[in-house]
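The values are calculated or read from the model by the stated rules, or taken from the named source; none is laboratory data. Computed from a predicted model, the values in this text were never measured in an experiment. Reconstructed Cβ throughout: ideal geometry from the backbone, glycine too, with neighbour counts over all protein chains shown. Areas reflect the complete protein model, heavy atoms only, side chains present, ligands, DNA and RNA absent. Shrake-Rupley method; radii C 1.70, N 1.55, O 1.52, S 1.80 Å.
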Amino acid sequence: MFLGHFATAYAAKRLAPRASLGTLFAAAQLPDIVWPVLVAGGVEKATIAPGDTAFTPLRFDSYPISHSLVTVGAWGAAFGAVHFWRKRRFRDAVVLAALAVSHWILDFVSHRPDVPLWPGGPKLGLGLWNSVAGTIAVELALFAAGLWLALSATRARDRLGRWGFVGLAVFLVLIYAANVTSPPPPSMEAVAWLGVAGGLVLVALAAWIDRHREPA
Ligand SMILES: [Zn+2]
(Lines give C-alpha, C1' and ligand atoms only; values in the text may rest on other atoms or scores of the structure.)
Protein backbone atom coordinates (compact mmCIF):
# COMPACT_ATOMS: atom_id res chain seq x y z
CA MET A 1 0.00 0.00 0.00
CA PHE A 2 1.23 3.49 -0.79
CA LEU A 3 -1.39 6.25 -0.67
CA GLY A 4 -3.16 4.52 2.23
CA HIS A 5 -0.13 5.04 4.48
CA PHE A 6 -0.04 8.74 3.65
CA ALA A 7 -3.80 8.89 4.25
CA THR A 8 -3.39 7.80 7.88
CA ALA A 9 -0.57 10.32 8.35
CA TYR A 10 -2.75 13.14 7.02
CA ALA A 11 -5.70 11.98 9.13
CA ALA A 12 -3.49 11.98 12.25
CA LYS A 13 -3.20 15.78 11.93
CA ARG A 14 -6.67 15.83 13.44
CA LEU A 15 -5.42 14.04 16.57
CA ALA A 16 -1.99 15.65 16.76
CA PRO A 17 -2.21 19.00 14.96
CA ARG A 18 1.07 20.24 16.44
CA ALA A 19 3.07 17.25 15.22
CA SER A 20 4.77 18.05 11.90
CA LEU A 21 3.29 16.41 8.83
CA GLY A 22 6.84 15.25 8.09
CA THR A 23 6.99 13.43 11.43
CA LEU A 24 3.55 11.91 10.82
CA PHE A 25 4.68 10.77 7.34
CA ALA A 26 7.79 9.16 8.84
CA ALA A 27 5.77 7.31 11.51
CA ALA A 28 3.21 6.00 9.01
CA GLN A 29 6.01 4.92 6.63
CA LEU A 30 8.33 3.61 9.32
CA PRO A 31 8.27 -0.10 8.32
CA ASP A 32 8.79 0.87 4.65
CA ILE A 33 11.73 3.13 5.56
CA VAL A 34 13.38 0.36 7.61
CA TRP A 35 12.57 -2.36 5.06
CA PRO A 36 14.73 -1.19 2.10
CA VAL A 37 17.71 -0.77 4.42
CA LEU A 38 17.32 -4.36 5.64
CA VAL A 39 16.77 -5.64 2.08
CA ALA A 40 19.88 -3.82 0.84
CA GLY A 41 21.79 -5.27 3.79
CA GLY A 42 20.61 -8.79 2.95
CA VAL A 43 18.78 -9.19 6.28
CA GLU A 44 15.29 -9.29 4.73
CA LYS A 45 14.39 -10.75 1.38
CA ALA A 46 12.07 -9.81 -1.46
CA THR A 47 12.01 -10.89 -5.10
CA ILE A 48 10.76 -9.29 -8.28
CA ALA A 49 8.05 -11.75 -9.28
CA PRO A 50 5.37 -10.16 -11.51
CA GLY A 51 2.00 -11.77 -10.88
CA ASP A 52 2.68 -12.73 -7.27
CA THR A 53 -0.31 -10.51 -6.59
CA ALA A 54 -2.14 -8.54 -9.29
CA PHE A 55 -1.12 -5.19 -7.85
CA THR A 56 2.61 -5.44 -7.12
CA PRO A 57 5.46 -7.19 -8.96
CA LEU A 58 7.21 -7.80 -5.62
CA ARG A 59 7.13 -11.00 -3.60
CA PHE A 60 7.86 -10.40 0.08
CA ASP A 61 9.76 -13.57 0.98
CA SER A 62 10.82 -12.55 4.48
CA TYR A 63 10.55 -9.29 6.42
CA PRO A 64 10.21 -10.24 10.08
CA ILE A 65 12.03 -7.21 11.51
CA SER A 66 10.54 -4.39 9.43
CA HIS A 67 7.03 -5.81 9.09
CA SER A 68 5.93 -8.13 11.91
CA LEU A 69 3.21 -6.71 14.15
CA VAL A 70 5.37 -7.05 17.26
CA THR A 71 8.48 -5.40 15.79
CA VAL A 72 6.39 -2.68 14.07
CA GLY A 73 4.87 -1.94 17.48
CA ALA A 74 8.40 -1.69 18.89
CA TRP A 75 9.58 0.60 16.05
CA GLY A 76 6.52 2.77 16.64
CA ALA A 77 7.06 2.89 20.41
CA ALA A 78 10.72 3.84 19.91
CA PHE A 79 9.78 6.55 17.41
CA GLY A 80 7.11 7.91 19.76
CA ALA A 81 9.55 7.82 22.69
CA VAL A 82 12.17 9.85 20.81
CA HIS A 83 9.49 12.37 19.83
CA PHE A 84 8.28 12.59 23.46
CA TRP A 85 11.83 13.07 24.69
CA ARG A 86 12.25 16.02 22.32
CA LYS A 87 8.76 17.60 22.45
CA ARG A 88 7.18 16.41 25.73
CA ARG A 89 3.79 15.84 24.15
CA PHE A 90 2.57 12.44 25.26
CA ARG A 91 -0.55 12.38 23.11
CA ASP A 92 1.49 13.09 19.96
CA ALA A 93 3.89 10.28 20.89
CA VAL A 94 0.99 7.84 21.21
CA VAL A 95 -0.42 8.97 17.85
CA LEU A 96 2.98 8.38 16.22
CA ALA A 97 3.26 4.87 17.66
CA ALA A 98 -0.32 4.14 16.54
CA LEU A 99 0.51 5.37 13.04
CA ALA A 100 3.30 2.80 12.76
CA VAL A 101 0.86 0.09 13.83
CA SER A 102 -1.69 1.41 11.30
CA HIS A 103 0.98 0.68 8.66
CA TRP A 104 0.93 -2.97 9.68
CA ILE A 105 -2.88 -3.09 9.60
CA LEU A 106 -3.04 -1.62 6.09
CA ASP A 107 -0.30 -3.99 4.90
CA PHE A 108 -2.22 -6.87 6.50
CA VAL A 109 -5.29 -5.84 4.46
CA SER A 110 -3.30 -5.45 1.21
CA HIS A 111 -0.75 -8.25 1.16
CA ARG A 112 -1.37 -11.92 0.61
CA PRO A 113 -0.65 -13.90 3.81
CA ASP A 114 3.01 -12.89 4.11
CA VAL A 115 2.86 -10.36 6.99
CA PRO A 116 4.10 -11.98 10.21
CA LEU A 117 2.58 -11.41 13.66
CA TRP A 118 6.05 -11.72 15.19
CA PRO A 119 9.42 -12.85 13.79
CA GLY A 120 8.94 -16.52 12.92
CA GLY A 121 5.24 -16.34 13.85
CA PRO A 122 2.17 -16.98 11.69
CA LYS A 123 1.81 -14.91 8.52
CA LEU A 124 -1.41 -13.12 7.72
CA GLY A 125 -2.85 -11.04 4.88
CA LEU A 126 -6.28 -10.39 3.39
CA GLY A 127 -5.00 -10.01 -0.16
CA LEU A 128 -6.63 -6.78 -1.34
CA TRP A 129 -3.71 -6.64 -3.81
CA ASN A 130 -5.30 -9.51 -5.74
CA SER A 131 -7.60 -6.83 -7.17
CA VAL A 132 -5.98 -3.85 -8.89
CA ALA A 133 -9.28 -1.94 -9.13
CA GLY A 134 -10.15 -2.72 -5.51
CA THR A 135 -6.72 -1.60 -4.29
CA ILE A 136 -6.88 1.69 -6.19
CA ALA A 137 -10.44 2.38 -5.05
CA VAL A 138 -9.62 1.75 -1.37
CA GLU A 139 -6.40 3.76 -1.47
CA LEU A 140 -7.95 6.75 -3.24
CA ALA A 141 -10.90 6.76 -0.82
CA LEU A 142 -8.57 6.61 2.20
CA PHE A 143 -6.36 9.31 0.72
CA ALA A 144 -9.29 11.66 0.08
CA ALA A 145 -10.60 11.15 3.62
CA GLY A 146 -7.13 11.72 5.12
CA LEU A 147 -6.58 14.90 3.12
CA TRP A 148 -9.96 16.24 4.17
CA LEU A 149 -9.16 15.61 7.85
CA ALA A 150 -5.76 17.32 7.52
CA LEU A 151 -7.34 20.29 5.75
CA SER A 152 -9.98 20.65 8.45
CA ALA A 153 -7.37 20.44 11.23
CA THR A 154 -4.89 22.98 9.83
CA ARG A 155 -4.84 26.19 7.85
CA ALA A 156 -2.25 27.80 5.61
CA ARG A 157 -0.09 30.58 7.00
CA ASP A 158 0.98 31.74 3.54
CA ARG A 159 0.92 30.81 -0.12
CA LEU A 160 3.50 28.05 0.30
CA GLY A 161 1.36 26.54 3.04
CA ARG A 162 -1.64 26.48 0.74
CA TRP A 163 -0.14 25.55 -2.62
CA GLY A 164 2.65 23.40 -1.22
CA PHE A 165 -0.01 21.32 0.55
CA VAL A 166 -1.95 20.90 -2.70
CA GLY A 167 1.23 20.24 -4.68
CA LEU A 168 2.42 17.53 -2.28
CA ALA A 169 -0.93 15.73 -2.45
CA VAL A 170 -0.89 15.87 -6.27
CA PHE A 171 2.74 14.69 -6.28
CA LEU A 172 1.81 11.65 -4.16
CA VAL A 173 -1.04 10.75 -6.52
CA LEU A 174 1.32 11.08 -9.52
CA ILE A 175 3.91 8.81 -7.88
CA TYR A 176 1.13 6.31 -7.21
CA ALA A 177 -0.06 6.50 -10.83
CA ALA A 178 3.51 5.95 -12.03
CA ASN A 179 3.85 2.96 -9.67
CA VAL A 180 0.64 1.42 -10.97
CA THR A 181 1.41 1.90 -14.67
CA SER A 182 5.18 1.33 -14.86
CA PRO A 183 6.82 -2.00 -15.75
CA PRO A 184 8.41 -4.11 -12.98
CA PRO A 185 11.57 -2.55 -11.47
CA PRO A 186 14.95 -3.70 -12.82
CA SER A 187 16.30 -5.02 -9.51
CA MET A 188 15.61 -5.22 -5.79
CA GLU A 189 18.62 -2.91 -5.24
CA ALA A 190 16.84 -0.27 -7.31
CA VAL A 191 13.65 -0.80 -5.32
CA ALA A 192 15.56 -0.52 -2.03
CA TRP A 193 17.51 2.63 -2.80
CA LEU A 194 14.57 4.35 -4.45
CA GLY A 195 12.46 3.37 -1.44
CA VAL A 196 14.83 4.93 1.10
CA ALA A 197 15.55 8.05 -0.96
CA GLY A 198 11.90 8.54 -1.94
CA GLY A 199 10.67 8.08 1.62
CA LEU A 200 13.15 10.61 3.03
CA VAL A 201 12.43 13.18 0.28
CA LEU A 202 8.69 12.98 0.97
CA VAL A 203 9.24 13.33 4.73
CA ALA A 204 11.45 16.39 4.14
CA LEU A 205 8.94 17.96 1.74
CA ALA A 206 6.08 17.41 4.18
CA ALA A 207 8.10 18.89 7.07
CA TRP A 208 8.97 21.96 4.98
CA ILE A 209 5.36 22.59 3.90
CA ASP A 210 4.10 21.95 7.43
CA ARG A 211 6.11 24.89 8.71
CA HIS A 212 3.90 27.09 6.55
CA ARG A 213 0.68 25.81 8.10
CA GLU A 214 -0.74 25.98 11.63
CA PRO A 215 -3.46 24.25 13.67
CA ALA A 216 -6.88 25.56 12.62
ZN1 LIG B 1 4.87 -1.82 4.41
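How many residues are near the ligand (Cβ under 10 Å from one of its atoms) and over 17 Å from the mean Cα position of the chain (by Cα) if we restrict to the range 28-47?
0
Kindly indicate which of Phe79, Phe55, Phe25, Phe6 is in a loop (DSSP other than H, G, I, E, B), within 16 Å of the ligand (Cβ to nearest atom) and of a type in the set (A, V, I, L, M, F, W, C).
It is Phe55.
Assess whether Gly164 counts as being open to solvent by less than 60 Å² (accessible area, probe 1.4 Å) and in contact with a Leu (Cβ under 9 Å, 6 or more places away or on another chain).
Yes; evaluated as a whole, the condition is true for this residue.
Any chance you could count how many residues in the range 75-107 are open to solvent by less than 50 Å² (accessible area, probe 1.4 Å) and either among the aromatic types (Phe, Trp, Tyr) or touching a helix residue (DSSP H, G or I) at 6+ places or on another chain (Cβ under 6 Å) (or both)?
Final tally of qualifying residues: 14.
Can you tell me which residue is nearest to Ala145 (Cα to Cα) among those in the range 173-216 that are open to solvent by 60 Å² or more (accessible area, probe 1.4 Å) and aromatic (Phe, Trp, Tyr)?
Trp208
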